[in-house]
Structures are given as structure tokens and as C-alpha cells.
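See structure below.
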Amino acid sequence: MRKIVNIRIVILMFILFLTAEDSLAVTKYLKTKEARKEEITGFFTLVLYGGRHINDLETIAFLDKEGDQYEFEPYAPEFDYKIKRESPAEEALNEAKKFVSFHNSFWRSQLSRIIDDKGNTIGYELRPLYYPFVHGRDDVLEVYYRIKNDKVIVEIRLIPEIFNTLFSGDLPDSLGGF
């Protein structure tokens, strides 16, 4: 009788483990590496995120390679981004540069490759960098890429220090806050 109870407990624990495994799965994020504009060739779907108002620091552009297995999708409402398909590389990059450079504290842009788990470049990001003396740093965004099915889910947000400064009125310690 005791063996039957023990077996039932083991089976129950195994079932619980299997159902919990999906919810506890570790999300694997993709990496980025510096890129040069000369390596961008072919056609791209251009994803322009942000640029919603004159002080929108949460602005960035993505060049999604046409014809590969992935499609980029910002984790945001559709009104937060625009998509332009089948853009030649040079045209897409120029439009992305213009888009990310609108802010009055824009300093320069940074181009990076987005790399899948096999080491393949699946797209590019063009992020704005701002004059460091304005916000206390040049890069104000946290951007995370993860693959779900055949979509690259892109999560974009301001770093907490900048978010708190803009939306709660707090100054970070490095800028004279308490």
C-alpha cells in the first residue's frame, strides 16, 4: 500500500513539473553587435517605432530582412509604430536615420546587427543617441529581442532612470537629485 501511495506522489509531482515547465521556461534573448552601413544589402521591411510627439525619446528603427523566416513585431499597440515593406537597403537606412534624428537633443545614431541563436544576422537596429549632458547618458533605451514562433518580438522601453526623470519629476543622483 505504501508503494502505491509513493508511486502516485511521484506521478503527481511529474505531472506538476511538466505543466510548470512551460511557465518557468527561460526566455532566450537575441544579441546585437555593432554594424557598418556597407554590410546592409538587399530589401528590408522598415519598422519605425515611436516618434509620436516632439519629446519622444522612446524612438528607434528596425530593418527586418525580407525573405528570411522571421518577421519583426514590436510588443506595443499598432499605433506606436509604422511598417514599410520592400524597401531597398539604402532607402530604408536613410529613412530610418531621418526618423530617429528628429529630437532636439539627438547627437548621432548607432547601427547594430540583430543576431539569431545560430549566429545569423536577421536584421538591424538604428537607435538614436542623445547628447549626454541633456539626460546624463547618450543611450536611453532598453531593447530586448526574443523569438516566438517565426516572429521576433521587440520590447522597447526607456531605462528606468530616464523614465522616472520624465514621468515622476525625479532627478537622478548624478544630475543633482536626492
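The single condition from (1) open to solvent by 60 Å² or more (accessible area, probe 1.4 Å); (2) aliphatic (A, V, I, L, M); (3) at pLDDT 95 or above that Leu175 fails is (3). For the stretch 10-37, filtering for residues that are at pLDDT 55 or above and either aromatic (Phe, Trp, Tyr) or more than 26 Å from Ile153 (Cα to Cα) (or both) leaves 1.
If you check Tyr75, Tyr29, Tyr49 for being under 14 Å from Leu141 (Cβ atoms) and open to solvent by 80 Å² or more (accessible area, probe 1.4 Å), only one passes: Tyr75.
With a requirement of 2 or more residues that are free of Cβ contacts under 8 Å to residues at least 60 places away in the same chain, the strands (runs of 3 or more DSSP E) lying completely within the stretch 23-128 that satisfy it span 43-49, 81-88, 106-115.
The values are calculated or read from the model by the stated rules, or taken from the named source; none is laboratory data. Computed from a predicted structure; not experimentally measured. Quick reminder, even Gly has a Cβ in these numbers, built from the backbone with ideal geometry, and neighbours come from all protein chains shown. Side chains are part of the model used for accessible areas, which takes the heavy atoms of the whole protein and leaves out ligands, DNA and RNA. Shrake-Rupley method; radii C 1.70, N 1.55, O 1.52, S 1.80 Å.
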